[in-house]
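Since the structure comes first, as structure tokens, the remarks are kept for the end.
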Amino acid sequence: MADKQTPQKRGLRWWHVVAGLLVLLALAAAYIPLPNWFIEMPGTAEPLAQFVKVDGKRDTAKGSFNLTTVGIQSATALTLVTSHFKPYEEIISRNDLMGTEDNSTYQKVQNYYMTSAINNALTVSFKAAKKPYHTDYLGIYVLDVEKKSPFYGKLQVGDTITKIDGHHFDASTGYINYLRNHKVGDTVTITYANDQTTKTASGKLYQLAQTKKPGIGITLTDRTKTTTGIPVTANAGDIGGPSAGLMFSLQIYDQLTGNQLRKGRKIAGTGEIAADGTVGQIGGPEKKVYIAAKSGATIFFAPHMKITKAIKKAAPGLEDNYAVAKRAAKASHLKITVVPVEKFSDAVKYLETH
């Protein structure tokens, strides 16, 4: 005859079941990523000497130039909650981060941005140091292809357009102006490089939604290649994006000119660099100045842009990077000097005079 189960034993068994379920829920909340949500946070401050060789040599002088990063982490239910209590952590959606790109395409574009940033840094630093260099215009780098484009499915992100109807131009404006001299419905043939292979494709021009002009429906940027008289190797490893351009320029320039700028200081910063030395706005300046200060940097270069009434009207939420970084430094009581820069020469002048 079987023993009868007492109420106490039945209660204990149900408590074990409930406790087990709670443990499973806690583990799921902590470790199972939510595919459409990410946490953006302060990343790292990376010394650039580890990434750069000039004339085959690493920089061993005291002090350092540091690029700064924003960290991206897949969100879990737990981190969605805890992010509200951590400095400068922000919840972002997959669409806000990547748009319509998949992970592979997003990473490919970020890697290209870094390659382009280093290439522009070579141009800027060698020009400022009065050292020999040469820049070749390769063509148009494809960042996106609209679904209604006649070249959708033919062109891919990462391709480089080198000719249209057999014509090669020295800037993207040349290609754009060439297309604008045509009519909607005209057929054009593009020549493009895809994984070291040259291909051609034809399609009809259509009216672009934004400009109302004839076009092929791609998002683009110029692709150039700078060759230098003094060999330079620069590689940021797994770090992508365009925002390290300014700091790469300073690192290369300082090595070319004999390490006169740092004076033993740990210097950090951010900013996209154009070939003419202009420093462009980036994302997450408050996160970058925070991690710079926490890593021991005493100077932080931040892009400075005058926000005019016209800019405010076109982009109401846009803020000057320098203003955001300075506000964050003050709010978090960071022991770091935030320096505004509009062009590369501003950063050089500051380091030479301070």
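The values are calculated or read from the model by the stated rules, or taken from the named source; none is laboratory data. In this text, all values refer to a predicted model and were calculated from it rather than measured experimentally. Cβ coordinates were reconstructed from backbone atoms using ideal geometry, including for glycine residues, and neighbour counts include every protein chain displayed. For the accessible areas, the whole protein counts, side chains as well, though only heavy atoms, and no ligand, DNA or RNA atoms are used. Shrake-Rupley method; radii C 1.70, N 1.55, O 1.52, S 1.80 Å.
Among (1) open to solvent by 40 Å² or more (accessible area, probe 1.4 Å); (2) among the aromatic types (F, W, Y); (3) within 30 Å of G258 (Cβ to Cβ), which single condition is Y88 missing?
Result: Y88 fails condition (3) only.
I'd like to know if segment 153-173 contains one or more residues that are outside any loop (DSSP other than H, G, I, E, B) and of a type in the set (F, W, Y).
Within segment 153-173, not a single residue is outside any loop (DSSP other than H, G, I, E, B) and of a type in the set (F, W, Y).
Which pairs turn up if I take residues in segment 47-63 that are touching a residue at least 60 places away in the same chain (Cβ under 8 Å) and within 14 Å of I252 (Cβ to Cβ) and look for partners that are crowded, with 16+ Cβ neighbours inside 10 Å and among the aromatic types (F, W, Y) with beta carbon separation below 7 Å, at least 6 apart in sequence or on another chain?
Going by the 7 Å Cβ cut-off, the qualifying pairs are L48/F65; L48/F248.
Collect the residues in segment 254-303 that are under 20 Å from A129 (Cβ atoms), touching a strand residue (DSSP E or B) at 6+ places or on another chain (Cβ under 8 Å) and of a type in the set (S, T, Y), keeping them in residue-number order.
Answer for segment 254-303, where residues must be under 20 Å from A129 (Cβ atoms), touching a strand residue (DSSP E or B) at 6+ places or on another chain (Cβ under 8 Å) and of a type in the set (S, T, Y): just T278.
Quick check on my filter: what residues within segment 299-331 are in contact with a helix residue (DSSP H, G or I) (Cβ under 6 Å, 6 or more places away or on another chain) and open to solvent by 40 Å² or more (accessible area, probe 1.4 Å)?
H304
Could you figure out which of (1) in contact (Cβ under 8 Å) with a residue 24 or more places away in the chain; (2) within 26 Å of the chain's Cα centre (by Cα); (3) exposed (fewer than 15 other Cβ atoms within 10 Å of the Cβ) isn't true of D186?
(2)
Might you check whether a residue that is in contact with a Lys or Arg (Cβ under 6 Å, 6 or more places away or on another chain), open to solvent by 20 Å² or more (accessible area, probe 1.4 Å), under 13 Å from I190 (Cβ atoms) and not polar (S, T, N, Q) occurs anywhere in segment 138-157?
There is at least one residue in segment 138-157 that is in contact with a Lys or Arg (Cβ under 6 Å, 6 or more places away or on another chain), open to solvent by 20 Å² or more (accessible area, probe 1.4 Å), under 13 Å from I190 (Cβ atoms) and not polar (S, T, N, Q).
Read through the list (1) free of Cβ contacts under 8 Å to residues at least 40 places away in the same chain; (2) under 12 Å from A117 (Cβ atoms), then give the number of the only condition that G258 fails.
Just one mismatch for G258, condition (2).
Would you please name the residue that is surrounded by the fewest Cβ atoms within 10 Å (Cβ to Cβ), looking only at residues in segment 273-285 that are in contact (Cβ under 8 Å) with a residue 40 or more places away in the chain and among the small types (G, A, S)?
Once the filter is applied, the top-ranked residue is G283.
Which ones in segment 76-85 are aliphatic (A, V, I, L, M) and either free of Cβ contacts under 8 Å to residues at least 12 places away in the same chain or open to solvent by 60 Å² or more (accessible area, probe 1.4 Å) (or both)?
Within segment 76-85, L78, V81 qualify.
Taking only segment 242-272 into account, find how many residues are closer than 11 Å to S64 by Cβ, buried (at least 24 other Cβ atoms within 10 Å of the Cβ) and not small (G, A, S).
5
Could you grab the pairs with beta carbons closer than 7 Å, sequence gap of 6+ or different chains, first residue in segment 91-113 and outside any helix (DSSP H, G or I), second one open to solvent by 60 Å² or more (accessible area, probe 1.4 Å)?
Listed by first residue and then by second, the contacts come to I91/W37; S93/N36; S93/W37.
Conditions: (1) surrounded by 11 or more Cβ atoms within 10 Å (Cβ to Cβ); (2) under 16 Å from Y137 (Cα atoms); (3) β-branched (V, I, T). T173 meets all but one. Number of the miss?
Answer for T173: the failing condition is (1).
Is one or more of the residues making up segment 200-209 open to solvent by less than 60 Å² (accessible area, probe 1.4 Å) and touching a Phe, Trp or Tyr at 6+ places or on another chain (Cβ under 8 Å)?
Within segment 200-209, one or more residues are open to solvent by less than 60 Å² (accessible area, probe 1.4 Å) and touching a Phe, Trp or Tyr at 6+ places or on another chain (Cβ under 8 Å).
So which residues in segment 69-114 are among the polar types (S, T, N, Q) and in contact with a strand residue (DSSP E or B) (Cβ under 7 Å, 6 or more places away or on another chain)?
Passing the criteria: T69, Q73, S74, T79, S83, S93.
Residues in segment 270-285 that are among the aliphatic types (A, V, I, L, M) and within 12 Å of the chain's Cα centre (by Cα): how many?
Residues that pass the stated criteria total 2.
With the condition being over 23 Å from P47 (Cα atoms) and modelled with pLDDT of 95 or more, I'd like the helices (runs of 4 or more DSSP H) fully within segment 267-354 carrying at least 1 qualifying residues.
Here the list reads 321-331.
On the basis of being closer than 15 Å to V142 by Cβ and touching a residue at least 12 places away in the same chain (Cβ under 8 Å), does L220 make the cut?
yes
Quick one: would you say K288 is surrounded by 19 or more Cβ atoms within 10 Å (Cβ to Cβ) and of a type in the set (D, E, K, R)?
Considered against the rule, which asks whether it is surrounded by 19 or more Cβ atoms within 10 Å (Cβ to Cβ) and of a type in the set (D, E, K, R), K288 comes out as yes.
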